[in-house]
Amino acid sequence: MITREKAGELAGKALEARRYSYHPYSGFAVGAALLTREGEIYTGCNIENAAFTPTNCAERTAFFKAVSEGERDFTAIAVAGGAEDAALPLEDCPPCGVCLQVMMEFCDPASFEVILVRSEDDYNSLTLAELLPKGFGPGNVREE
């Protein structure tokens, strides 16, 4: 588990990334901050599209940025989301199923932390295994 200080830092970065969200259709802004094992932080925001299917979630944006730069080892992600007219997220904003599936590809479900951010000091931390208890990952398609 990461330290409370690091979780607070990730929460702040997720809230900051949320400001860049492009969400003209849903009115729902999401930011994410992904922590690598080496301590690097990659941020992302949700990016909507009029055709809906090409829309990309904040969590996947952060993962794809990190993976495209060679990162493969992650320890935690903070996710902050809520209606655009709210000053801060009021309740937990868990990742969607597609984002959880991307996390399963790159993370150890038992130790990867998903931090659901309401503010820099108010958040809930769960493991990927708690959010996706019967997840399908690389081990299901090849022997490890």
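Read-outs throughout are calculated quantities, based only on the coordinates presented, and are distinct from any laboratory measurement. Only a predicted model underlies this, so the values are computations on that prediction, with no experimental measurement involved. All Cβ positions, glycine included, derive from the backbone under ideal geometry; neighbour counts span all protein chains shown.
When +1 charges are put on Lys and Arg Cβ atoms and -1 charges on Asp and Glu Cβ atoms, the dipole computed for segment 38-88 relative to its Cα centre reaches about 140 debye. Remark: spin-label model distance F136-Q101 equals 0.7 nm, labels positioned 7 Å along the Cα→Cβ axis.
Each residue of segment 51-62 is assigned a 3J(HN,Hα), and the resulting list reads 7, 6, 4, x, 4, 10, 6, 4, 5, 5, 4, 5 Hz, derived from the Karplus form 6.51 cos²θ - 1.76 cosθ + 1.60 (θ = phi - 60°), x at Gly and Pro. DSSP beta bridges confined to the chain are antiparallel in about 80 percent of cases. Dividing the Cα radius of gyration of segment 52-144 by its Kirkwood radius returns 0.99 for Rg/Rh.
Remark: segment 7-12, residue by residue, has Karplus-estimated 3J(HN,Hα) of 4, x, 5, 4, 4, x Hz, where x stands for each Gly or Pro and the curve is 6.51 cos²θ - 1.76 cosθ + 1.60 at θ = phi - 60°.
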